[in-house]
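Presented below is the structure to which this report refers.
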Amino acid sequence: MKAAILALQLMTRLPLPDVGATSDDMARAIRWFPMAGLVVGACLAGAVWAGGLHSAALAALCGLLVWVGMTGALHLDGLGDIADAAGAAHGDRERLSAVLADPHIGSFGVVAIVLQLLAKLVLLFLAWSTVPLPALVLVPVAARIAPMAWTLLLPPLHAGMGTRFGSGASWPVCLAWSALLAVCALVFAPALLAVFPASALWALWLKRRIGGISGDGHGAGIELVETITLAALVVLA
């Protein structure tokens, strides 16, 4: 139970009590990331529904604000860091590590974050009239299954938050969440299955361009997989 609460503490900004968790609890928290995604997705769908009582534009704006607010822009920060590193490193691994460690954001990161927010805003606007709310709830869930696979498939870039989950990731748990998502996709929206090729492509890009996985890689991947899955829902609706 501590691992589940830790997952919510790590992935959301919900006011939760300190549970005095151990390093093993921290490692196992990754198994509950999809559950944290369910909380985010439920709040997202609720905001979209409430805003939609007025207009599709307000539905999109409310949804985006809650989406970012629920996660504290944690994943957007990772997206900005990865964009800066990929844009500035030019294949130099030492330079890449230095950029990832730099707390400041550069022009590549700013552009990536702005484009990501614009993409989600437009897609939420289009989704209001075409995508069922249960499918919208599942978008954040789907994107948070992938970190388990990335942790198991990719080498760690450095010691940090991204490596804490290494011992806790499990293929049986990952496959169980994936199977549950596949069933939900068949019931609500088959386009949700786009999460699987999107997650695989991100792992391949990280391996070739970055060299491994880190906390920033997880955050950026979650953001991009969410957007690609949402885009698939809109296009194939």
Item to check | Heavy-atom accessible surface of the chain: percent carbon and sulfur, 1.4 Å | outcome: 71
Item to check | Cα lying deepest toward the dipole's positive end in the chain, options 73, 106, 8, charges on Cβ | outcome: 8
Checklist entry - Across 10 Å bins from 0, what is the distribution of all Cα-Cα pair distances for the range 48-90, in whole percents? => result 28, 29, 25, 14, 3
Next on the checklist: Suppose we keep just the alpha-carbon trace of the range 1-160; what are its Rg and Dmax in angstrom?
Outcome noted: 17.3, 51
Next on the checklist: Need one value: the accessible area of residue 35 in square angstrom, 1.4 angstrom probe, rounded to the nearest 10.
Outcome noted: 50
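Going by a ≥ b ≥ c, the root eigenvalues of the Cα gyration tensor, does the range 78-140 fall in the rounded group (a/c under 1.5), the prolate group (a/b larger than b/c) or the oblate group? Walk me through the numbers on the way to the answer.
Working: a/c = 3.89, a/b = 2.84, b/c = 1.37.
Prolate shape, in that a/c is at least 1.5 and a/b is the bigger ratio.
For the chain, what is the charge dipole size about the Cα centre, in debye to the nearest 20, if Lys and Arg each add +1 at the Cβ and Asp and Glu each add -1 at the Cβ? Present the calculation step by step, with values, prior to reporting the outcome.
Details: 12 positive and 12 negative charges, 79 e Å.
For this selection, approximately 380 debye.
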Checklist entry - Expressed as an acute angle from 0 to 90° and rounded to the nearest 10, what is the orientation of the C-alpha long axis of helix 56-71 relative to the principal long axis of the chain? => result 30
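Top to bottom by accessible area (1.4 Å), largest first, where do 216, 102, 18, 24 land?
Working: 216 30, 102 65, 18 140, 24 90 Å².
Order by accessible area, largest first: 18, 24, 102, 216.
May I ask you to derive the relative contact order of the chain, considering only C-alpha pairs under 8 Å and at least 6 residues apart, and to give it as an integer percent?
Taking the mean separation of contacting Cα pairs over the length of the chain, I get 26 percent.
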Checklist entry - For residue 213, which sequence-distant residues (separation of 5 or more, or a different chain) have an amide H within less than 5 Å of its own amide H, given hydrogens modelled in the peptide plane? => result 157
Checklist outcome for this item: In degrees rounded to 10, the 0-90 angle between helix 215-236 Cα long axis and the longest Cα principal axis of the chain is 30
Checklist outcome for this item: So the angle from the long Cα axis of helix 74-89 to the longest Cα principal axis of the chain, reported in degrees to the nearest 10, equals 50
Checklist entry - Taking +1 at the Cβ of each Lys and Arg and -1 at the Cβ of each Asp and Glu, which of 188, 218, 124 sits farthest along the dipole of the range 71-224 towards its positive end, judged by Cα position relative to the Cα centre? => result 188
Next on the checklist: Along each principal axis of its Cα atoms, how long is the range 1-74 end to end? Whole angstroms, biggest number first, please.
Outcome noted: 46, 17, 17
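Compute the Cα gyration tensor for the range 85-237, then decide on rounded, prolate or oblate, letting a ≥ b ≥ c be the square roots of its eigenvalues: rounded whenever a/c is under 1.5, prolate when a/b is larger than b/c in the other cases, and oblate in all that remain. Don't skip to the end; give the middle numbers.
On the way: a/c = 2.63, a/b = 1.39, b/c = 1.90.
Verdict is oblate for the range 85-237.
Answer rounded, prolate or oblate for the range 190-236, using the Cα gyration tensor with square roots of eigenvalues a ≥ b ≥ c: rounded when a/c is under 1.5, else prolate when a/b is larger than b/c, else oblate. The partial results should precede the final answer.
Working: a/c = 3.24, a/b = 2.14, b/c = 1.51.
Because a/c hits 1.5 or more and a/b exceeds b/c, the range 190-236 counts as prolate.
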Checklist outcome for this item: Reported to the nearest 10 Å², residue 158 has, with a 1.4 Å probe, an accessible area equal to 90
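Keeping every protein chain present and rolling a 1.4 Å probe, give me the accessible area per residue for the chain in Å². Before the final figure, lay out the partial values.
Numbers: 10720 Å² over 237 residues.
For the chain, the solvent-accessible area averages 45 Å² per residue.
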Checklist outcome for this item: Only helices counted: for the chain, with every DSSP H run of 4 or more residues adding -39500 (n - 2.57) and the sum spread over all residues, [θ] at 222 nm is -23000 deg cm²/dmol
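The values are calculated or read from the model by the stated rules, or taken from the named source; none is laboratory data. Fair warning: this is a prediction, and the values are worked out from it, not measured in the lab. Cβ coordinates were reconstructed from backbone atoms using ideal geometry, including for glycine residues, and neighbour counts include every protein chain displayed. Please note that ligands, DNA and RNA were not included when accessible areas were found on the heavy atoms of the full protein model with its side chains. Shrake-Rupley method; radii C 1.70, N 1.55, O 1.52, S 1.80 Å.
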